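Novice: Got a structure for you, written out below as structure tokens; questions coming shortly.
The values are calculated or read from the model by the stated rules, or taken from the named source; none is laboratory data. Nothing here was measured: the structure is a model prediction, and the numbers come from that model. Using ideal geometry, Cβ is built from the backbone for each residue, glycine included, and neighbour counts are taken over all protein chains shown.
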Amino acid sequence: TLAIRLKEQLPSWGAERIKRDFSLSLSSKALCRIWREEGLLKRKRRKHQTKQNLREVKRKWRLFEQTCLDTKDLKDIPELWPQLKLHDLPLVQYTAREVVSGWQFVAYAQERALAYSKLFAEIIIHHLQSCGVKFKESRFQTDNGCEFVGSWQAKSDSEFTRAVEAVRGLRHHTIPPKAHRWQADVETVHRLIEDEFYEVEQFTSRADFLAKARAYNLWFNVARKNSY
């Protein structure tokens, strides 16, 4: 049946998303029952901590008041690992997510590096300014990774911090150590892109990977129906 074929093609997608995006008439419970009988249900890899719920806080924020930035290791995804080795694909994803709108920006590199984070921030800032965005008491929030703050022994601001705070109305804010819940918005899209893209797509080359990543990001920002 169509429900079985879709689950085989998109094993990491849930019943609600498949039902909604493909306009299936079956209920979510019926889909789960069919998939369970066919042995198609998979157990999700869960985080040990509950992510911070920012819905009430976000309602009070202005657009572009806070953008969360983080990095994601791609070599830890079992479904993607063989293709990483075969096609020499990027190993690290750089992610930015605007908290109010859910807007996402993604870039790739072979490693975590302060220079790449600085370039990533500069590209985002230039793009937003070219679209007429005016920063006012805005912030780029990150964790305390060396790709954002440099050495833990540093006595001055990192190149990333200086690049961000050189822009009028914009500052760099770091979360407290081990306070990963503060980055719940960007952690959420890391889970989504893993479920919806990395676990289900096949790539023929590095160029094919980057082209499909651009298409996914465009779909995520423009067409995807968000339910969280």
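Novice: Do we find a residue being modelled with pLDDT of 95 or more and within 15 Å of ALA96 (Cα to Cα) anywhere in the range 189-201?
Specialist: Checked against the condition, which is being modelled with pLDDT of 95 or more and within 15 Å of ALA96 (Cα to Cα), the range 189-201 yields no hits at all.
Novice: May I pose another question? Would a scan of the range 104-122 turn up a residue that is in the same structural domain as GLU187 (by TED's automatic domain parsing), among the polar types (S, T, N, Q) and more than 28 Å from ASP208 (Cα to Cα)?
Specialist: Restricting attention to the range 104-122, the residues satisfying the condition of being in the same structural domain as GLU187 (by TED's automatic domain parsing) are 104-122.
Subsequent filtering for residues that are among the polar types (S, T, N, Q) retains 104, 110, 117.
Those left that are additionally more than 28 Å from ASP208 (Cα to Cα): none.
Checking the range 104-122: not a single residue is in the same structural domain as GLU187 (by TED's automatic domain parsing), among the polar types (S, T, N, Q) and more than 28 Å from ASP208 (Cα to Cα).
Novice: Hey, any hits in the range 163-178 for a residue that's out of contact with any strand residue (DSSP E or B) (no Cβ under 8 Å at 6 or more places or on another chain), part of a helix (DSSP H, G or I) and within 16 Å of LEU69 (Cβ to Cβ)?
Specialist: If we filter the range 163-178 for residues that are out of contact with any strand residue (DSSP E or B) (no Cβ under 8 Å at 6 or more places or on another chain), which is where we start, we get 163, 166-168, 176-178.
After this cut, where a residue has to be part of a helix (DSSP H, G or I) as well, the list is 163.
In the following step, the residues that additionally are within 16 Å of LEU69 (Cβ to Cβ) were identified as 163.
There is at least one residue in the range 163-178 that is out of contact with any strand residue (DSSP E or B) (no Cβ under 8 Å at 6 or more places or on another chain), part of a helix (DSSP H, G or I) and within 16 Å of LEU69 (Cβ to Cβ).
Novice: What number of residues within the range 183-197 satisfy the criterion of being over 10 Å from the mean Cα position of the chain (by Cα) and under 14 Å from ASP76 (Cα atoms)? First the steps, then the outcome.
Specialist: Applying the first criterion (over 10 Å from the mean Cα position of the chain (by Cα)) to the range 183-197 yields 183-184, 195-197.
Narrowing the set further to residues that are under 14 Å from ASP76 (Cα atoms) leaves 195.
Counting residues in the range 183-197 that are over 10 Å from the mean Cα position of the chain (by Cα) and under 14 Å from ASP76 (Cα atoms) gives 1.
Novice: Give me a count of the residues in the range 123-142 that are of a type in the set (Val, Ile, Thr), crowded, with 19+ Cβ neighbours inside 10 Å and either in a helix (DSSP H, G or I) or without any contact (Cβ under 8 Å) to a residue 60 or more places away in the chain (or both).
Specialist: So in the range 123-142, the residues of a type in the set (Val, Ile, Thr) come out as 123-125, 133, 142.
In the following step, the residues that additionally are crowded, with 19+ Cβ neighbours inside 10 Å were identified as 124-125, 142.
Now restrict to residues that are either in a helix (DSSP H, G or I) or without any contact (Cβ under 8 Å) to a residue 60 or more places away in the chain (or both): 124-125.
Total satisfying the criteria: 2.
Novice: Turning to a different aspect of this structure: Pairs needed: first member in the range 75-100, in contact (Cβ under 8 Å) with a residue 12 or more places away in the chain; second member anywhere, among the basic types (Lys, Arg) and surrounded by fewer than 16 Cβ atoms within 10 Å (Cβ to Cβ); C-beta distance under 8 Å; at least 6 residues apart or different chains.
Specialist: Hits for this filter: HIS87/ARG206; ASP88/ARG206; LEU89/ARG206; PRO90/ARG206; LEU91/LYS75; VAL99/LYS58; VAL100/LYS58; VAL100/ARG62.
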